[in-house]
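Heads up, the thing below is written out as structure tokens.
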Amino acid sequence: MIGRISRTTAALIVFVLSVFPVYWMVLTAFKPTKDIQSATPTFFPIPITFDHFGTAIAAKGFFSFWRNSLLVAGGAVLLALLVALLASFAIARLQWKGRRAFVLMVFIAQMTPWEALLIPIYVIARDTGMLDTLWILTLVYFMMTLPFTIVTLRGFLAAIPVDLEEAAQVDGCTRGQAFRKVVFPLLAPGLLATSLFGFITAWNEFAFANVLIIKDQDDRTLPVWLSSFNNTFGTDWGATMAASTLFMLPVLLIFIVLQGRVTTGIVGGAVKG
Amino acid sequence: MTLLAERPVRKTAPAPPKRRKFSVLPYLLIAPTLLTTAYLLFYPLVRNVVISLQEFGLPQLVRGDAKFVGLANYAKVLSDPEFWAVVKRTLWFTAINVVLIMVLSTLVALLLVRLGKGLRLLVMGGLVLTWATPIIAATTVFQWLFQSRLGVVNWALVALGFEEYRDYTWFADGEATFGILVTLIVWQSIPFAALSLYAAMITVPQELYESARIDGAGAWRVFTTITFPMLRAMFGLITCLEVIWVVKAFVQIWVISQGGPGQATTTLPVYAFQVAQSLQRYDLGAAVSMLMVVLLVLALLAYFRQLYRQEQET
């Protein structure tokens, strides 16, 4: 009995500690300014206001930052998906010399400490005239998500029995048709899950966006804009929290969509680092 | 995590090919991956090594006529006491974070195993929410939580009777900022570690626990004699990953404190960036980041060894 009560208490403490910062963010975003600035904070959203969201959306460049983030993350994910689909097919379905070495390379590439490559990529971007363009960010995010995409797609692909493909080929399909008509539809959920996690990585990335987009402030992405909220909103914490909430929204939606499929296996490499 | 995606491959790995004929198809399929990896990953890495061996400041960046200076940059970095202070701080920072992450995650995982379905889903939901929080959103919220005049943390501390925290400015004090960064990183890292450990723990056969309990073993004994030995490889794997992630943690530190106040929160990646960006000594920054890569490779080798062991055991 005592054990059960203490377990329940511990569970509630863990829950509150993990949820509180996010709760506080959303709560602040909906609180009237006078409640935010009162000496005694309120813990429930009564009354609520949408003013802060209005302020955040009306901030200069809000929509272009939003568009930039979508373009960069979406472009990177599509590229990664295309390139990874080819490679993962080669690993999961074909036997060839050098396959093990290639897989090892992908695993190593997945562990790349990107933080150590800020300087050379800045220099390269400058030399090639790609500094201050969204292209370079797209390319970097593509490379960041590629190894993970290959590894997961290969896992999904390997889970689809080869027999299906072979049966289709026996029935007169070419290898390409068999892949397109039989494997691809089965792979679609895997493709979706993989690309959404890649999207999150790119959506959240800050370090490179901060270094590679300097002069042209309109080309910034949301994370960089958010980190400079002090310049944008001053001490308007309501608007800052509203902007953070809006920024987090797509990520949260993706997590909810993938809820059933969220296994530690899929998520690990994508969300951290 | 790669190892879990790896596993199903074993079962359905294609049988030896029927035709022994050499085919170019697989090489065509991996060509795009190889080319882009060469240009976007390998080339920057080589370029970093080259820059670290050159004299490369702002003039060379603009004119592009950098001269090779051998190992002079490394000699300069390694003889700088500031660098060693940064290394020491990085190791401390990593040790504190990883120990906290592993201990707390293990406790959370053990708790999850013992909870009823409803509470377990609640706690897991909370953990996933934390996990889903983007780093930038989290750093912004933590700045707000610890804000001096209106922050809820100071309010709570004062309400609990710690009068000295009224209007306390956390970010003006080195140790306090260090503490907040540790809290932030631990908070963000627990979901992954705890959920992975939980997933591993439920694979341990229930009979083992029952027989141990019949023998009168307490919770601690059950953990040290059954759970931990059974999952040793998993613990090793997660520890390695956390070490790697904490050593290279950059965004949280840069956004919250830029390594300050003073140098109180300057770890290796932050230091490399400061040297390159603020002092415009790209050569020294590149040298520092190469030294960091060496440190990470050591952790990575340990990780791959664990991965290999894990594969052997399953």
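Can you tell me how many residues in the range A:45-93 are touching a Pro at 6+ places or on another chain (Cβ under 7 Å) and either small (Gly, Ala, Ser) or outside any helix (DSSP H, G or I) (or both)? Step through it out loud before you land on a result.
Residues of the range A:45-93 touching a Pro at 6+ places or on another chain (Cβ under 7 Å): A:47, A:49, A:83, A:86, A:90, A:93.
Applying the additional criterion that residues be either small (Gly, Ala, Ser) or outside any helix (DSSP H, G or I) (or both) yields A:47, A:49, A:90.
Total satisfying the criteria: 3.
Please find, within the range A:213-225, the residue that is farthest from A:LEU134 (Cα to Cα) out of those that are within 12 Å of chain B (Cβ to nearest Cβ), out of contact with any Ser or Thr (no Cβ under 6 Å at 6 or more places or on another chain) and aliphatic (A, V, I, L, M). Walk me through it before giving the result.
Within the range A:213-225, the first condition is being within 12 Å of chain B (Cβ to nearest Cβ), and the residues that meet it are A:214, A:221-225.
Filter once more, keeping what is out of contact with any Ser or Thr (no Cβ under 6 Å at 6 or more places or on another chain): A:214, A:223-225.
Remaining after also requiring aliphatic (A, V, I, L, M): A:214, A:224.
On the way: A:ILE214: 11, A:VAL224: 13 Å.
Result: A:VAL224.
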Any hit, the range B:144-155, residues being surrounded by fewer than 21 Cβ atoms within 10 Å (Cβ to Cβ), more than 7 Å from chain A (Cβ to nearest Cβ), within 28 Å of the chain's Cα centre (by Cα) and touching a residue at least 60 places away in the same chain (Cβ under 8 Å): no
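So, of the residues in the range A:82-103 that are among the small types (Gly, Ala, Ser) and buried (at least 19 other Cβ atoms within 10 Å of the Cβ), which turns out to be nearest to the chain's Cα centre (by Cα)?
A:ALA84
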Those residues of the range A:213-243 which are aliphatic (A, V, I, L, M) and either under 14 Å from A:SER69 (Cβ atoms) or outside the structural domain of A:SER88 (by TED's automatic domain parsing) (or both), in sequence order: A:ILE213, A:LEU222, A:VAL224, A:LEU226, A:ALA243
Residue check, A:THR194 under 30 Å from A:PRO120 (Cβ atoms), within 13 Å of another protein chain (Cβ to nearest Cβ) and assigned to a helix (DSSP H, G or I): yes
In this structure, does B:LEU110 turn out to be aliphatic (A, V, I, L, M) and more than 7 Å from chain A (Cβ to nearest Cβ)? yes
Sort out which residues of the range A:1-39 are exposed (fewer than 14 other Cβ atoms within 10 Å of the Cβ) and facing chain B (nearest Cβ under 7 Å), and write them in order of number. A:THR8
Please determine whether any residue of the range A:104-126 is over 25 Å from the mean Cα position of the chain (by Cα) and at positive phi. no
Could you check how many residues of the range B:172-187 are within 11 Å of another protein chain (Cβ to nearest Cβ) and either free of Cβ contacts under 8 Å to residues at least 60 places away in the same chain or over 27 Å from B:LEU231 (Cβ atoms) (or both)? 3
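Within 11 Å of chain A (Cβ to nearest Cβ) and of a type in the set (Val, Ile, Thr): which single residue out of B:VAL222, B:VAL243, B:VAL251 fits that description? Let's see the steps before the verdict.
Details: B:VAL222 fails: within 11 Å of chain A (Cβ to nearest Cβ); B:VAL243 fails: within 11 Å of chain A (Cβ to nearest Cβ).
Just a single option satisfies the conditions, and that option is B:VAL251.
Results for (1) more than 8 Å from every other protein chain (Cβ to nearest Cβ); (2) part of a helix (DSSP H, G or I), shown as yes or no for each residue.
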site: A:GLN95; (1), (2): no, no
site: A:VAL106; (1), (2): no, yes
site: A:ALA109; (1), (2): no, yes
site: A:PRO120; (1), (2): no, yes
site: A:ASP132; (1), (2): yes, no
site: A:TRP135; (1), (2): yes, yes
site: A:LEU139; (1), (2): no, yes
site: A:MET143; (1), (2): no, yes
site: A:LEU146; (1), (2): no, yes
Criterion first (surrounded by fewer than 22 Cβ atoms within 10 Å (Cβ to Cβ) and among the basic types (Lys, Arg)) does A:ARG175 satisfy it? yes
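Matching residues to (1) of a type outside the set (A, V, I, L, M); (2) under 26 Å from B:TYR303 (Cα atoms); (3) in the same structural domain as A:ARG154 (by TED's automatic domain parsing); (4) modelled with pLDDT of 90 or more:
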| residue | (1), (2), (3), (4) |
| --- | --- |
| A:ALA76 | no, no, yes, yes |
| A:LEU82 | no, no, yes, yes |
| A:LEU85 | no, no, yes, yes |
| A:PHE89 | yes, no, yes, yes |
| A:GLN110 | yes, yes, yes, no |
| A:PRO113 | yes, yes, yes, no |
| A:LEU117 | no, yes, yes, yes |
| A:TYR122 | yes, no, yes, yes |
So B:VAL128 ticks every box in (1) outside any helix (DSSP H, G or I); (2) crowded, with 18+ Cβ neighbours inside 10 Å; (3) β-branched (Val, Ile, Thr) but one. Which box is left unticked? (1)
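Residue by residue, here is whether (1) in a helix (DSSP H, G or I); (2) touching a Phe, Trp or Tyr at 6+ places or on another chain (Cβ under 9 Å); (3) closer than 17 Å to B:VAL247 by Cβ holds:
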{"residue": "B:PHE42", "(1), (2), (3)": "yes, no, no"}
{"residue": "B:VAL46", "(1), (2), (3)": "yes, no, no"}
{"residue": "B:ILE51", "(1), (2), (3)": "yes, yes, no"}
{"residue": "B:PRO59", "(1), (2), (3)": "yes, no, no"}
{"residue": "B:ALA75", "(1), (2), (3)": "yes, no, no"}
{"residue": "B:PHE83", "(1), (2), (3)": "yes, yes, yes"}
{"residue": "B:LEU91", "(1), (2), (3)": "yes, no, yes"}
{"residue": "B:ALA95", "(1), (2), (3)": "yes, no, yes"}
{"residue": "B:MET102", "(1), (2), (3)": "yes, yes, yes"}
Can you confirm whether the range B:113-122 contains a residue that is touching a Ser or Thr at 6+ places or on another chain (Cβ under 9 Å), in a helix (DSSP H, G or I) and within 10 Å of another protein chain (Cβ to nearest Cβ)? yes
State whether the residues of the range A:200-207 include one that is more than 10 Å from every other protein chain (Cβ to nearest Cβ), closer than 19 Å to A:LEU70 by Cα and aromatic (Phe, Trp, Tyr). no
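The values are calculated or read from the model by the stated rules, or taken from the named source; none is laboratory data. In this text the structure is predicted, and so the values were computed from the model without any measurement. Ideal geometry is used to build each Cβ from the backbone, glycine not excepted, and the neighbour counts take in all protein chains shown.
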